[in-house]
1. Straight-line reach from residue 167: which lysines have a Cα under 22 Å away, not including same-chain ones fewer than 8 places off?
2. Along the charge dipole of the range 1-150, which of 4, 149, 135 sits closest to the positive end, that is, farthest toward it, with unit charges on the beta carbon of Lys, Arg, Asp and Glu (+1, +1, -1, -1)?
3. Could you tell me the center-to-center distance, by alpha carbons, between the range 49-96 and the range 156-187 in angstrom?
4. Find out how many positive minus negative residues lie around residue 103, taking Lys and Arg as positive, Asp and Glu as negative, among other residues whose Cβ is under 12 Å from that of residue 103.
5. Send over the Kirkwood Rh of the chain, from the inverse of the averaged 1/r over different Cα pairs, rounded to one decimal Å.
6. Given 123, 46, 27, which one lies farthest toward the positive end of the charge dipole of the chain, if we put +1 on the Cβ of every Lys and Arg and -1 on the Cβ of every Asp and Glu?
7. Calculate the FRET efficiency for residue 23 and residue 75 from the Cβ-Cβ distance with a Förster distance of 25 Å, rounded to the nearest 0.05.
8. How much length would be gained if the chain were fully extended between residue 142 and residue 186, taking 0.36 nm per residue of separation minus their Cα-Cα distance, in nm to one decimal?
Amino acid sequence: MTRIAIFASGSGSNAENIIRYFSDNKNVKVVLVLSNQPCSGVLIRAQLHKIPTFIFTKDDLNERTKVHDVLKDYNASMIVLAGFLLKIPLYMIEAYPNSILNIHPALLPKYGGKGMYGMNVHTAVVENNEQKSGITIHYVNENYDEGAIIFQATCDIDEHDLPEDVKTKVQALELHHFPSVIESIIP
Ligand code: GAR
């Protein structure tokens, strides 16, 4: 049984989609949702699906035991970052080798790195007159958005698209692909 812990800081549309996707799966289960944002929508969504939640601070994450002990309590075997904005510390990467996945709302290696999240990404994409954007699902390593790429999907950007329009297209790709890509790497 693969036991997934989802880390998220935002509204949680990806987290909820993953929870739904695996809800009837006998081999894969979302066991915990963790957030560094006490008021984030993801916590409400998790509670609606009766998934336990855990709130922590940046310091808790960087300190070696607090968050890790909770993951151990829930016997989590895979971590999925679904709109999580803090850097994952090295001890965590070493504790979950090749088992931490992130989704990024652009075609890495472009538009990645510190500060590149959510609307910042879509605004930069439009300002640079890109004709395509998309999603990247990748393993997490010690550098922001630099782990090995597992999957990418693209969308076209029209001449008059605003950052909000790009967001809508990228979100559709995320909801369509993220759960099945997670499933595809489960042994
Ligand atoms: C998603 O678009 C995800 O790709 C992005 O945050 C959004 C979260 O939306 N992640 C990053 O920008 C990470 N650098 P959600 O809370 O509705 O799932």
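Throughout, read-outs are computed from the coordinates displayed, never taken from laboratory work. None of the values given here were measured: they were computed from a predicted structure. Heads up, the Cβs are rebuilt from the backbone with ideal geometry, glycines too, and the neighbour counts pull from every protein chain shown.
1. 110, 114, 132
2. Of 4, 149, 135, it is 4.
3. Here the answer is 25 Å between Cα centres.
4. Counting the neighbours of residue 103, the net charge comes to -2.
5. That comes to 16.7 Å for the chain.
6. Positive-end residue among those listed: 27.
7. Details: r = 18 Å, r/R0 = 0.74.
Efficiency, from the Cβ-Cβ distance: 0.85.
8. On the way: separation 44, 0.36 × 44 = 15.84 nm, distance 2.18 nm.
Between residue 142 and residue 186, full extension yields an extra 13.7 nm.
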